[in-house]
Amino acid sequence: MTEVTIPIKYPVVSNPKILGGIPVIQGTRIPASLIFDLLQRGYTPDIIEHEYPSISQRKLSAFYTLMAQSFNVPSPKTV
């Protein structure tokens with residue numbers, strides 16, 4: 001198995017002072033679960049980045065890499 005490096009050390013963080021501790025994309029108040037939901041609904045990374053400009057391409061890429069590693073799912077192709 002090839003080792004994959006996540007571009008951001010902690011793409012998803014949890015802090016009791018931010019949304020009561022719900023895991024969010026680092027540096028935002030956007031729940032990680034929302035990104036999962038959007039992907040499940042067929043949103044592309046480009047659409048997500050357009051709709052949520054506070055999530056940089058780098059943060060999205062790190063999130064997708066973490067998701068792929070953690071849940072054994074493929075990363076979206078357009079990232």
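The values are calculated or read from the model by the stated rules, or taken from the named source; none is laboratory data. No experiment lies behind these values; they were computed from the predicted model shown. Using ideal geometry, Cβ is built from the backbone for each residue, glycine included, and neighbour counts are taken over all protein chains shown.
Of everything in segment 8-33 that is in a loop (DSSP other than H, G, I, E, B) and hydroxyl-bearing (S, T, Y), the residue that is nearest to Y52 (Cα to Cα) is T28.
In segment 30-54, the residues that are surrounded by 12 or more Cβ atoms within 10 Å (Cβ to Cβ) and modelled with pLDDT of 90 or more form Cβ pairs under 7 Å with partners that are of a type in the set (F, W, Y) and not in a helix (DSSP H, G or I), at six or more places apart or across chains, as follows: I30/Y52.
Counting only residues that are over 12 Å from I25 (Cβ atoms), within 12 Å of the chain's Cα centre (by Cα) and of a type in the set (A, V, I, L, M, F, W, C), how many does segment 47-72 have? So the answer is 1.
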